[in-house]
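Take a look at the structure below.
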Amino acid sequence: MNQEKWRDFYRKADRNVTWVKVMLSNGDHHFFCNHKDWLFVKTFCDNFGTKVSEMELQFRSHCVKIDIPSDAKGFYFVPSVMGVWGGDSKNYFTIGTFDGEKVNKKMWLVPELISEKSMQDGLENCIEEAMVFYEEEEKNKQE
């Protein structure tokens, strides 16, 4: 992750929100706090056959690097909310990688950035708009 680009961006940014920092396989950096910006990144990856090569979450000075296996076949990112009857709701970022059969997900509590839950799900239990598949980049490498 290019820390200089991040510092330049963060100097002007709202420091009271959780930021997502993404670097793509083509070297592009994207910084966002709004899920709609993830949809732009997803569309870019889909259209140009790029991968999410690095991701970090940051709230103020607390930064967490997301582990992305080099052999991942796809990437998953979606904001989530979990509630308990009679209790408070909790906000999360659900982040995962696709291994070809299952999506290995972690739910990161926001803004604390604590990994509270891990699970494996089939694609049928994933939100399509949250998933980036890497098949195109693999095809481009083989040609």
Here is a check on your reading of the model: is Met55 over 19 Å from Cys126 (Cα atoms), assigned to a strand (DSSP E or B) and among the hydrophobic types (A, V, I, L, M, F, W, C)? yes
Yes or no: the range 16-24 includes at least one residue that is assigned to a loop (DSSP other than H, G, I, E, B) and either within 17 Å of the chain's Cα centre (by Cα) or surrounded by 15 or more Cβ atoms within 10 Å (Cβ to Cβ) (or both). yes
Filter result for Lys51 (among the charged types (D, E, K, R), at pLDDT 90 or above and surrounded by 19 or more Cβ atoms within 10 Å (Cβ to Cβ)): yes
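The values are calculated or read from the model by the stated rules, or taken from the named source; none is laboratory data. None of the values given here were measured: they were computed from a predicted structure. Glycine gets a Cβ as well: all are built from the backbone with ideal geometry, and neighbour counts include every protein chain shown.
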